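J.: Sharing a structure, written as C-alpha coordinates. Questions coming.
The values are calculated or read from the model by the stated rules, or taken from the named source; none is laboratory data. These numbers come from a predicted model, not from an experiment. As a convention, Cβ positions derive from the backbone with ideal geometry for all residues, glycine included, and neighbour counts pool all protein chains shown. Surface accessibility is based on the protein's heavy atoms, side chains included, excluding ligands, DNA and RNA. Shrake-Rupley method; radii C 1.70, N 1.55, O 1.52, S 1.80 Å.
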Amino acid sequence: MTTSDRPGDRLAAFGNQLIEVHLRLREDLDRIREDLDSHLDGGERPRMLWAHCMTFCSALTRHHTGEDGGAFPVLAERFPELRPVIEQLEHDHRMVTGILSRVEELLGGLAPRAGLSEAGDGTGAVDGTGAAGAVDARAVREELDGLSAILETHFRYEEKKIVEALNSLDVPEWKGPPPAFLLTGDD
(Lines give C-alpha, C1' and ligand atoms only; values in the text may rest on other atoms or scores of the structure.)
Protein backbone atom coordinates (compact mmCIF):
# COMPACT_ATOMS: atom_id res chain seq x y z
CA MET A 1 0.00 0.00 0.00
CA THR A 2 1.28 3.45 -0.78
CA THR A 3 0.64 6.43 1.42
CA SER A 4 0.31 10.10 0.67
CA ASP A 5 0.54 13.33 2.60
CA ARG A 6 -2.73 14.58 1.11
CA PRO A 7 -5.52 14.95 3.71
CA GLY A 8 -7.91 12.02 3.70
CA ASP A 9 -5.64 9.58 1.85
CA ARG A 10 -4.66 7.73 5.06
CA LEU A 11 -8.29 7.56 6.11
CA ALA A 12 -9.52 6.31 2.76
CA ALA A 13 -7.29 3.28 3.18
CA PHE A 14 -8.89 1.75 6.31
CA GLY A 15 -11.14 -0.57 4.34
CA ASN A 16 -8.27 -1.52 2.06
CA GLN A 17 -6.05 -2.13 5.08
CA LEU A 18 -8.74 -4.41 6.49
CA ILE A 19 -8.50 -6.51 3.34
CA GLU A 20 -4.71 -6.65 3.74
CA VAL A 21 -5.09 -7.85 7.35
CA HIS A 22 -7.51 -10.54 6.20
CA LEU A 23 -5.05 -11.66 3.50
CA ARG A 24 -2.25 -11.93 6.07
CA LEU A 25 -4.46 -13.92 8.45
CA ARG A 26 -5.50 -16.27 5.63
CA GLU A 27 -1.84 -16.83 4.69
CA ASP A 28 -0.86 -17.52 8.31
CA LEU A 29 -3.66 -20.05 8.73
CA ASP A 30 -2.74 -21.74 5.43
CA ARG A 31 0.89 -22.08 6.59
CA ILE A 32 -0.17 -23.69 9.87
CA ARG A 33 -2.46 -26.11 8.04
CA GLU A 34 0.33 -27.02 5.59
CA ASP A 35 2.74 -27.72 8.47
CA LEU A 36 0.15 -29.90 10.15
CA ASP A 37 -0.56 -31.74 6.88
CA SER A 38 3.13 -32.48 6.49
CA HIS A 39 3.16 -33.94 10.00
CA LEU A 40 0.05 -36.02 9.31
CA ASP A 41 1.67 -37.33 6.11
CA GLY A 42 4.49 -38.81 8.19
CA GLY A 43 6.82 -35.87 8.54
CA GLU A 44 8.16 -34.59 11.81
CA ARG A 45 5.90 -32.54 13.97
CA PRO A 46 6.74 -28.91 13.20
CA ARG A 47 8.88 -27.66 16.06
CA MET A 48 7.11 -24.32 16.24
CA LEU A 49 3.55 -25.54 15.61
CA TRP A 50 2.27 -24.59 19.03
CA ALA A 51 3.95 -21.16 18.92
CA HIS A 52 2.71 -20.45 15.39
CA CYS A 53 -0.83 -21.46 16.29
CA MET A 54 -0.80 -19.37 19.46
CA THR A 55 0.57 -16.37 17.57
CA PHE A 56 -2.13 -16.76 14.91
CA CYS A 57 -4.87 -17.20 17.54
CA SER A 58 -3.63 -14.09 19.34
CA ALA A 59 -3.51 -12.01 16.14
CA LEU A 60 -6.99 -13.10 15.09
CA THR A 61 -8.39 -12.42 18.57
CA ARG A 62 -6.73 -8.98 18.63
CA HIS A 63 -8.21 -8.19 15.20
CA HIS A 64 -11.73 -9.24 16.19
CA THR A 65 -11.55 -7.54 19.60
CA GLY A 66 -10.43 -4.35 17.85
CA GLU A 67 -13.35 -4.57 15.46
CA ASP A 68 -15.88 -5.27 18.22
CA GLY A 69 -14.60 -2.51 20.51
CA GLY A 70 -13.45 0.07 17.98
CA ALA A 71 -14.45 -0.13 14.33
CA PHE A 72 -17.92 -1.64 14.73
CA PRO A 73 -19.27 0.94 17.21
CA VAL A 74 -18.06 3.75 14.92
CA LEU A 75 -19.63 2.10 11.89
CA ALA A 76 -22.91 1.44 13.74
CA GLU A 77 -23.10 5.07 14.82
CA ARG A 78 -22.32 6.54 11.41
CA PHE A 79 -24.09 3.91 9.31
CA PRO A 80 -27.13 2.64 11.27
CA GLU A 81 -28.17 0.53 8.27
CA LEU A 82 -25.06 -1.60 8.93
CA ARG A 83 -26.17 -2.66 12.42
CA PRO A 84 -27.60 -6.02 11.26
CA VAL A 85 -24.35 -6.71 9.38
CA ILE A 86 -22.31 -5.81 12.45
CA GLU A 87 -24.46 -8.06 14.64
CA GLN A 88 -23.78 -10.95 12.25
CA LEU A 89 -20.06 -10.23 12.24
CA GLU A 90 -20.00 -10.13 16.05
CA HIS A 91 -21.85 -13.46 16.11
CA ASP A 92 -19.17 -14.89 13.82
CA HIS A 93 -16.50 -13.56 16.19
CA ARG A 94 -18.06 -15.50 19.07
CA MET A 95 -18.10 -18.70 16.97
CA VAL A 96 -14.45 -18.16 16.03
CA THR A 97 -13.56 -17.62 19.70
CA GLY A 98 -15.03 -21.05 20.51
CA ILE A 99 -13.02 -22.73 17.77
CA LEU A 100 -9.82 -20.97 18.85
CA SER A 101 -10.40 -22.22 22.39
CA ARG A 102 -10.76 -25.80 21.12
CA VAL A 103 -7.61 -25.44 18.98
CA GLU A 104 -5.63 -24.18 21.97
CA GLU A 105 -6.93 -27.03 24.13
CA LEU A 106 -6.08 -29.63 21.49
CA LEU A 107 -2.63 -28.17 20.92
CA GLY A 108 -1.96 -28.55 24.62
CA GLY A 109 -2.60 -32.28 24.21
CA LEU A 110 -0.23 -32.90 21.30
CA ALA A 111 2.78 -34.99 22.25
CA PRO A 112 5.53 -32.51 23.09
CA ARG A 113 8.28 -34.47 21.34
CA ALA A 114 8.24 -37.25 18.82
CA GLY A 115 9.87 -40.40 20.18
CA LEU A 116 8.33 -40.19 23.64
CA SER A 117 5.09 -41.92 24.36
CA GLU A 118 2.85 -41.11 27.24
CA ALA A 119 3.74 -44.55 28.56
CA GLY A 120 7.43 -43.69 28.28
CA ASP A 121 8.20 -46.75 26.17
CA GLY A 122 10.10 -44.79 23.49
CA THR A 123 7.72 -45.86 20.69
CA GLY A 124 6.38 -42.39 20.13
CA ALA A 125 2.85 -43.74 20.46
CA VAL A 126 0.17 -41.82 22.26
CA ASP A 127 -2.73 -43.59 20.63
CA GLY A 128 -1.38 -47.12 20.39
CA THR A 129 -0.69 -46.79 16.66
CA GLY A 130 2.91 -45.63 16.75
CA ALA A 131 1.98 -42.17 15.47
CA ALA A 132 2.95 -39.57 18.07
CA GLY A 133 0.04 -37.21 18.55
CA ALA A 134 -1.68 -38.42 15.36
CA VAL A 135 -5.17 -38.43 16.82
CA ASP A 136 -4.70 -35.02 18.37
CA ALA A 137 -3.04 -33.63 15.23
CA ARG A 138 -6.00 -34.80 13.14
CA ALA A 139 -8.39 -33.18 15.59
CA VAL A 140 -6.42 -29.92 15.40
CA ARG A 141 -6.50 -30.14 11.58
CA GLU A 142 -10.27 -30.67 11.62
CA GLU A 143 -10.76 -27.61 13.84
CA LEU A 144 -8.47 -25.57 11.59
CA ASP A 145 -10.47 -26.69 8.54
CA GLY A 146 -13.66 -25.51 10.20
CA LEU A 147 -12.01 -22.27 11.25
CA SER A 148 -10.74 -21.70 7.73
CA ALA A 149 -14.20 -22.21 6.24
CA ILE A 150 -15.86 -19.87 8.73
CA LEU A 151 -13.17 -17.22 8.36
CA GLU A 152 -13.31 -17.28 4.57
CA THR A 153 -17.07 -16.71 4.63
CA HIS A 154 -16.74 -14.14 7.41
CA PHE A 155 -13.93 -12.19 5.72
CA ARG A 156 -15.71 -12.11 2.35
CA TYR A 157 -18.96 -10.96 3.93
CA GLU A 158 -17.19 -8.32 6.00
CA GLU A 159 -15.21 -7.06 3.01
CA LYS A 160 -18.33 -6.90 0.85
CA LYS A 161 -20.44 -5.13 3.47
CA ILE A 162 -18.16 -2.70 5.33
CA VAL A 163 -15.02 -1.85 3.31
CA GLU A 164 -16.71 1.00 1.48
CA ALA A 165 -18.04 2.43 4.75
CA LEU A 166 -14.61 2.13 6.39
CA ASN A 167 -12.98 3.87 3.46
CA SER A 168 -15.40 6.79 3.86
CA LEU A 169 -14.79 7.35 7.57
CA ASP A 170 -12.99 10.36 9.00
CA VAL A 171 -12.08 9.30 12.54
CA PRO A 172 -9.56 11.72 14.10
CA GLU A 173 -8.32 9.23 16.71
CA TRP A 174 -7.40 6.80 13.90
CA LYS A 175 -5.09 9.33 12.20
CA GLY A 176 -2.05 8.28 14.23
CA PRO A 177 -1.05 4.66 14.74
CA PRO A 178 -3.31 2.06 13.13
CA PRO A 179 -6.42 1.26 15.14
CA ALA A 180 -6.54 -2.09 16.97
CA PHE A 181 -8.58 -3.87 14.29
CA LEU A 182 -5.75 -3.34 11.81
CA LEU A 183 -3.03 -4.78 14.04
CA THR A 184 -1.65 -8.28 13.75
CA GLY A 185 1.26 -9.98 15.45
CA ASP A 186 3.68 -8.35 12.99
CA ASP A 187 2.74 -4.83 14.08
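J.: Consider the range 32-54. How many of its residues are more than 15 Å from Arg102 (Cα to Cα) and part of a helix (DSSP H, G or I)?
T.: Of the residues in the range 32-54, 12 are more than 15 Å from Arg102 (Cα to Cα) and part of a helix (DSSP H, G or I).
Residue-by-condition table, conditions (1) surrounded by 17 or more Cβ atoms within 10 Å (Cβ to Cβ); (2) within 17 Å of Ile86 (Cα to Cα):
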| site | (1), (2) |
| --- | --- |
| Glu142 | no, no |
| Gly146 | no, no |
| Glu158 | yes, yes |
| Trp174 | yes, no |
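J.: Could you grab me the full set of residues in the range 66-89 that are within 22 Å of the chain's Cα centre (by Cα) and open to solvent by 50 Å² or more (accessible area, probe 1.4 Å)?
T.: Those that are within 22 Å of the chain's Cα centre (by Cα) and open to solvent by 50 Å² or more (accessible area, probe 1.4 Å): Asp68, Gly69, Pro73, Glu87, Gln88.
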